[in-house]
1. Checking the condition crowded, with 18+ Cβ neighbours inside 10 Å and within 25 Å of the chain's Cα centre (by Cα), which residue from A154, A205, A170 passes?
2. Quick one: in segment 154-185, which of the residues that are touching a residue at least 60 places away in the same chain (Cβ under 8 Å) and either touching a helix residue (DSSP H, G or I) at 6+ places or on another chain (Cβ under 6 Å) or among the small types (G, A, S) (or both) is nearest to Q268 (Cα to Cα)?
3. Suppose we filter segment 273-293 for residues that are of a type in the set (D, E) and at pLDDT 95 or above; how many remain?
4. Can you name every residue in segment 62-98 that is free of Cβ contacts under 8 Å to residues at least 60 places away in the same chain, more than 25 Å from R189 (Cβ to Cβ) and not aliphatic (A, V, I, L, M)?
5. Could you go through segment 234-245 and let me know if any residue there is touching a helix residue (DSSP H, G or I) at 6+ places or on another chain (Cβ under 7 Å) and within 30 Å of C323 (Cα to Cα).
6. Quick test for you: out of A238, A263, A289, pick the one residue that is surrounded by fewer than 19 Cβ atoms within 10 Å (Cβ to Cβ) and either in contact with a strand residue (DSSP E or B) (Cβ under 6 Å, 6 or more places away or on another chain) or over 30 Å from T64 (Cβ atoms) (or both).
7. Can you tell me which residue within segment 175-195, out of those that are of a type in the set (S, T, Y) and buried (at least 19 other Cβ atoms within 10 Å of the Cβ), is modelled with the highest pLDDT?
Amino acid sequence: MDAGRSGANGGPPLGDGNNLDGECKAFVNCIVWMASGHTQWPAGGYSSAFLAAGAQEVPMSAATKGDIIQWEPVGNSLHTAIVVENRGGSTFRVVDSNWGYTRKVSDHVMNVNMAGFAAPRFFRLGTVNAGSPFGYLDEASSPAPGVLRVWGWAADPSAPTTAIDVHVYADSIGFNLGPAQSPREDVGRAYPGYGNNHGYASDLALSVGGSYRVCAFGINIGPGSNQPLRDCKQVSIADPRPFGYLDTVGSPAPGKVTMSGWAVDPNQPTTPIDVHIYVGDAGYNIGKASGKREDVAKALPAYGPNHGFTTTLTVPAGNHRVCAFGINTGPGSNQPLKDCKDVVVATPPPNPPVTTSPEPVPPVATTPVGRLSVKLKRIARSKVRIKWPTVPGATHYQVKFRQTGTAPWKRSTTGSRMIGKIRRGTPYTIVVRAMQRDNLLARTVVKRRK
């Protein structure tokens, strides 16, 4: 930059109009005037002119951004500059003009205790972010879809050894990275009074891809204000959201709808993802899209073929809008697949009446009714035990008895082989029947006198 040219917006020239254009004093005066409205002209000298303009002299250790450095004349060795950073000790980053007699403005780091020069003095014409944070955004890049990687360092002169918070903005999207406290030995070497622990590094998730302006800010503690860290960067980030297509939708039968398509996620290129189907307002999780789709692999070689889906659903009859969604993994969000489709589903026929089969009945024996061989044995004064052989096919037996004549029948418990309460010397008739369900297989009638 030529210090003798006029300001960018038609302001005063970077000089005094007295053949001193490009000299350090004219440059510093111009900057001070534009920043604060103060000017050392027409006062002569250097330090006296700053003091006459209302400056306050400060010690080297307290000098900060915006302060003026003045080396008093020693022969022809005199100079003035504006502080950009106080790096501790006698090391400063400054901006000045005519350094090395170039008549050019320069931004450089220097040891202000220079041989052949008087000890530097520092003057403050107002405050310009005194004590505010400073540092760098060293890198902003994207290692994966939807991922923003940042790293750098930040420090605050008000608390040199304290880790300060760093905020990062990708356009208008903000992230609080917390304290910048990772070891950075290069920072410790450059700023001995600050220590090493001022680094930050983070991978940040963005839900949508695009080109982002990325800036970092050191969050102030004590005097000063939050400050942007050098330097903002432009970063392109691939879109992390799932994508794919709903290729076909149809109704192969009443009450049924069939669809097919494919879906992928850039965060996991070769891994099948879930797909959800919506038929109107009704949702269905059809699981992983893992079917073979060689056409997808050909179009997207990094993704492979295992991303297809085909399914048939039972749905109500009527006109339906069918849409598919890829379910996100990692940065991003669930996304509709292209393209939704309409389908008409017919009403299924009514269900036939439900019939129940009767309980199977064992076949009825075809043998004629036979006779049972019955034996009686008295076991007590009023009890008789009856014995007969088992009849094939019989499901149960019936026994009844009565006093011979017209007395009523007495039925014993079905299947019982003992009768009681009979009187001695009285004639009795005993009937035994072998039954297969309701069918008589065999019977006998025994007449005995007790």
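1. Unique residue meeting the criteria: A170.
2. For segment 154-185, the residue satisfying everything is A170.
3. 1
4. Q70, W71, E72, P73, G75, N76, S77, H79, T80
5. The answer is no, given that none of the residues of segment 234-245 is touching a helix residue (DSSP H, G or I) at 6+ places or on another chain (Cβ under 7 Å) and within 30 Å of C323 (Cα to Cα).
6. Going through A238, A263, A289 in turn, just one is surrounded by fewer than 19 Cβ atoms within 10 Å (Cβ to Cβ) and either in contact with a strand residue (DSSP E or B) (Cβ under 6 Å, 6 or more places away or on another chain) or over 30 Å from T64 (Cβ atoms) (or both): A238.
7. Going through the qualifying residues, I end up with Y194.
The values are calculated or read from the model by the stated rules, or taken from the named source; none is laboratory data. Only a predicted model underlies this, so the values are computations on that prediction, with no experimental measurement involved. FYI the Cβ positions are ideal-geometry reconstructions off the backbone, even for glycines, and counts take in every protein chain you see.
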